[in-house]
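**Q** Quick one: the structure is below, questions incoming.
The values are calculated or read from the model by the stated rules, or taken from the named source; none is laboratory data. These figures come from a predicted structure and were not determined experimentally. We place every Cβ from the backbone using ideal geometry, glycine too, and count neighbours over all the protein chains shown.
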Amino acid sequence: MRAWQLHPGFNSLEGLQQTTLPTPEPGPHEVLVRVRACSLNYRDQLIVVGKYSAAGPLLAPQVPLSDGAGEIAAVGSAVTRWRVGDRVASCFFPAWRDGRPDPSLSAVSLGAGGAPGMLAEYVALPETAIVAMASNLSFEQAATLPCAGVTAWNALMCGPRPVAPGHSVLLLGTGGVSLLALQIAKAAGAHVIITSGDDGKLERARALGADATINYRTTPEWGAAAAKIAGGGIDHVVEVGGAGTLGQSVTAVAYGGEIALIGVLAREGATHPIGLMFKGASLRGIFVGSATMARDLNRAMETNGIAPVVDRAFGFDDAAEAFRYQASPGLFGKVVIQV
């Protein structure tokens, strides 16, 4: 089978090379997935340059990407829940089925640290490490959900106060997590504010349902501006920036509100927590989510007819170009590789 591998000793896309590998045989409790599409996340860019701390430097060739969708081509002898032909998507953490985060469950993720990645024609996965695709989605659309979609779902729907009608939500930027969060929040009846430094992207976000937009280049104090739009503060902030934007998110969050901390895009900035103390607000760390969250997300996508935003789809032979585009400033939504 054809596959792409990252090789030790490289800290750039030069280490990403197409190769031919044996088609894996599923073990007794595994399924063999014929991959039809994969999607890229910011985490994959970090793995390429050797800066993904959860995995460390590569010690052996690694098939990358955690996110993929396809159909089951074969099942192991002990598998009863899946059949050949079922349309499925991968789970970011193969061992995290349900419940709270746990070091033993989040130690291994697909496409890093020796776990199989999805950028291949076939992947053998544990039968518990896949979920059924939403019936309204194509393989390309379903492939956008395992990391970014589950992250957005966890941030909005799995905290102590899930998003509900009338709540306010602040989203940073127009990458995959933020746009999926926009669609989830609107389906839940929330009032959504989104930021970007590009007015064209803000127009596109409005077309997807955003109620208000803020250009952070022309409005540097965008946290206060968002709080004013929401009538005093934001109930749910999906913080994908990190240290560089967290101070503004603390300004934006409402008394008793929540900031879901996801990103590390901006690593330098003020992170003093005293603003949270005065507001009785909380900061909740989000590291993707469980298989149960992935199933709930796919049901919500199907029930509400939500279609993820696929910015561009690349052919399998153009995987390196897909990485380059995903890292470009023009990105709006998700980048997909068709297999």
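**Q** Which of the residues spanning segment 69-92 are surrounded by fewer than 17 Cβ atoms within 10 Å (Cβ to Cβ), under 19 Å from Thr23 (Cα atoms) and polar (S, T, N, Q)?
**A** Across segment 69-92, the qualifying residue is only Ser77.
**Q** Can you tell me how many residues within segment 1-51 are surrounded by fewer than 17 Cβ atoms within 10 Å (Cβ to Cβ) and small (Gly, Ala, Ser)?
**A** Counting residues in segment 1-51 that are surrounded by fewer than 17 Cβ atoms within 10 Å (Cβ to Cβ) and small (Gly, Ala, Ser) gives 3.
**Q** Residues that are surrounded by 19 or more Cβ atoms within 10 Å (Cβ to Cβ), at pLDDT 95 or above and of a type in the set (Val, Ile, Thr): does segment 261-283 have at least one?
**A** No, because not a single residue in segment 261-283 is surrounded by 19 or more Cβ atoms within 10 Å (Cβ to Cβ), at pLDDT 95 or above and of a type in the set (Val, Ile, Thr).
**Q** Out of (1) at pLDDT below 95; (2) over 24 Å from Ala148 (Cβ atoms); (3) among the small types (Gly, Ala, Ser), the odd one out for Gly244 is which?
**A** Of everything listed in (1) at pLDDT below 95; (2) over 24 Å from Ala148 (Cβ atoms); (3) among the small types (Gly, Ala, Ser), Gly244 misses just condition (2).
**Q** Additional query: Report, ordered by the first and then the second residue, all pairs with beta carbons closer than 6 Å, sequence separation of six or more or different chains, a first member in segment 213-225 that is more than 15 Å from Leu202 (Cα to Cα), and a second member that is crowded, with 16+ Cβ neighbours inside 10 Å.
**A** Sorted first by the residue in segment 213-225, then by its partner, the pairs are Gly223/Gln248; Gly223/Thr251; Gly223/Ala252; Ala224/Thr251; Ala225/Ile214.
**Q** While we're looking at this one, here's another question. Considering only segment 280-339, give the strands (runs of 3 or more DSSP E) lying wholly within it that have at least 1 residues that are under 21 Å from Gly242 (Cα atoms). Walk me through it before giving the result.
**A** Details: elements: 282-285, 310-314, 334-338.
Counting at least 1 such residues, we get 282-285, 334-338.
**Q** Only one of (1) in contact with a Lys or Arg (Cβ under 9 Å, 6 or more places away or on another chain); (2) among the aliphatic types (A, V, I, L, M); (3) not assigned by TED's automatic domain parsing to the domain that holds Ala181 is not met by Ala254, so which one is it?
**A** Among (1) in contact with a Lys or Arg (Cβ under 9 Å, 6 or more places away or on another chain); (2) among the aliphatic types (A, V, I, L, M); (3) not assigned by TED's automatic domain parsing to the domain that holds Ala181, Ala254 violates only (3).
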